[in-house]
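Worksheet: the structure to be examined is printed underneath.
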2 protein chains.
Amino acid sequence: MTDSTSGSALAEQTPSAEAIPDALAYLLAGGLASFARLADDAAHAPDLATRVVLSRIAAGELANMDRLERHARDLGCPESDFAALVSDFHGQLSEFDDRAVPRDWWERCVKTYIGYGVVMDVQRELVSRVDEATSDVVVDGLADNGHADYVVATMLPVLEAEPQLAARLALWGRRVVGEALGVASRVVTQNPRLAQLAGVAAPGRRADPEDVATFLGRLSAEHTRRMGRLGLTA
Amino acid sequence: MTDSTSGSALAEQTPSAEAIPDALAYLLAGGLASFARLADDAAHAPDLATRVVLSRIAAGELANMDRLERHARDLGCPESDFAALVSDFHGQLSEFDDRAVPRDWWERCVKTYIGYGVVMDVQRELVSRVDEATSDVVVDGLADNGHADYVVATMLPVLEAEPQLAARLALWGRRVVGEALGVASRVVTQNPRLAQLAGVAAPGRRADPEDVATFLGRLSAEHTRRMGRLGLTA
């Protein structure tokens, strides 16, 4: 979607309707980015059992892709516009992978745990504001894919036994979440339609710094809860 | 499977029956290795459309995994023995990834095209010799996943327009298939049960060099046919 949606089915719908293709594109880009991150984690897994678990979780990230594309098409979003949106969001999300490069397996696990969590939180924020038909399409993709539980189950005993590692990873987590929230902030502020859908901008206006701060505050709270599950202070 | 299968359901079956868990483990390891190779290709794709296609093909490689594991369990193969088999085969298959490192996107495509083809050919060789119940379980995983057609469709016009690139990739293909056949040879000769199933060793004997050559000859013929689809001489 580069500009107007006049003449399409979107124009006849509610104000937030024109942001639906953007939201769908963000969901698809998030799935693709998570697939790549989890597949890369699988390739670096310390043992075959871990590789199998993470490969499966990675593959699951793409399960909802067809439905997202079809719904965008049904809404009248031209295929090339949708692909351009996905490409933009994917580029923004990939920045996260290039920053804060993990030095070992545990830093890698924590980075994916945090980054994946923030991507999912943004997805949930957006989906909570879409119409029911769209919500029906996307809700499967928001289901817990088991990654967080897997990380908590495998890391918690290690962290409890190794306070020095826990301290290092708590520090690492603060650095990683800074990058993740930076990416989330750019995602919802640089695209005007998504900014409006996310509730951080009034129609036709730039994102409001205070609303963005509130939005990021909610993501931070979720992050703090997630770090708590690992026994780490955010 | 470390040693005897006495007392298990396997011992009561046909001579080749004791090799079925090995064959299933090879299939599973092949799927995992192909997943990793295709996901890595997706991560290096020159554009998002290619990334999407390859990510999906990668994810499809794991679709049959549960059935393979369940069938091994149903045959009485202890879970830890099966995991050890998968781990062995996966280690052998991963050697292929570490050798003949591609220098650009096209070399990468050709490497996966060739390596994936050989892995699948070995799978088909093994599956053609298993019992019907096993064949029913594994046949879905042998279905064409679309990778070969995708590579041919995207590369053929490029190769036809760039004879120098075609010449370089033909040379590259010869190097890559040497590595792939080396891996295939080790896979079927180092495991006595698989060697017997593949028809390269008599019961209780080492692999016969002549039978191994015949086996590799069939894989070579398939490879030549595949290179022909790209307009390249093997």
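Structure data summary
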quantity	calculated
B:Arg168 open to solvent by less than 40 Å² (accessible area, probe 1.4 Å) and not aromatic (Phe, Trp, Tyr)	no
Enumerated helices (runs of 4 or more DSSP H) restricted to the stretch A:23-115, each holding at least 1 residues that are within 14 Å of chain B (Cβ to nearest Cβ) and under 24 Å from A:Val176 (Cα atoms)	A:48-60, A:79-98
Pair list, Cβ under 7 Å, 6 or more apart: the stretch B:130-141 residue charged (D, E, K, R), other residue open to solvent by less than 80 Å² (accessible area, probe 1.4 Å)	B:Asp131/B:Ala17; B:Asp140/B:Asn64
Number of positions in the stretch B:95-120 that are open to solvent by 30 Å² or more (accessible area, probe 1.4 Å) and of a type outside the set (D, E, K, R)	4
Residue in the stretch B:200-211 that is nearest to B:Thr112 (Cα to Cα), counting only those that are surrounded by fewer than 19 Cβ atoms within 10 Å (Cβ to Cβ) and of a type outside the set (Asp, Glu)	B:Pro209
Matching residues in the stretch A:215-234 - criterion: being of a type outside the set (Lys, Arg) and touching a residue at least 12 places away in the same chain (Cβ under 8 Å)	A:Phe215, A:Leu216, A:Leu219, A:Ser220, A:Glu222, A:His223, A:Met227, A:Leu230, A:Gly231, A:Leu232, A:Thr233, A:Ala234
Qualifying residues in the stretch A:57-82 (those that are crowded, with 19+ Cβ neighbours inside 10 Å and free of Cβ contacts under 8 Å to residues at least 60 places away in the same chain) - the one nearest to A:Glu18 (Cα to Cα)	A:Ala72
Residue count, the stretch B:176-192 (criterion: more than 25 Å from B:Arg103 (Cα to Cα) and open to solvent by 40 Å² or more (accessible area, probe 1.4 Å))	4
Test: residue in the stretch B:177-196 that is at pLDDT 95 or above and in contact with a Cys (Cβ under 7 Å, 6 or more places away or on another chain)	no
Restricting the stretch A:144-153 to residues that are part of a helix (DSSP H, G or I) and out of contact with any helix residue (DSSP H, G or I) (no Cβ under 8 Å at 6 or more places or on another chain), the residue that is farthest from A:Arg99 (Cα to Cα)	A:Ala153
Verdict on A:Arg129 being touching a helix residue (DSSP H, G or I) at 6+ places or on another chain (Cβ under 7 Å), of a type outside the set (Ser, Thr, Tyr) and open to solvent by 70 Å² or more (accessible area, probe 1.4 Å)	yes
Inter-residue pairs, beta-carbon under 6 Å, first closer than 18 Å to A:Gly146 by Cα and in the stretch A:96-115, second assigned to a loop (DSSP other than H, G, I, E, B), 6+ apart	A:Arg108/A:Pro102; A:Lys111/A:Pro102
Residue in the stretch A:140-152 that is among the aliphatic types (A, V, I, L, M), open to solvent by 60 Å² or more (accessible area, probe 1.4 Å) and on the phi < 0 side of the Ramachandran plot present	no
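The values are calculated or read from the model by the stated rules, or taken from the named source; none is laboratory data. Since this is a predicted model, take the numbers as computed values, not measurements. Note that each Cβ is placed from the backbone with ideal geometry, even for glycine, and that neighbours are counted across all protein chains shown. All accessible areas refer to the heavy atoms of the entire protein, side chains included, with ligands and DNA or RNA removed. Shrake-Rupley method; radii C 1.70, N 1.55, O 1.52, S 1.80 Å.
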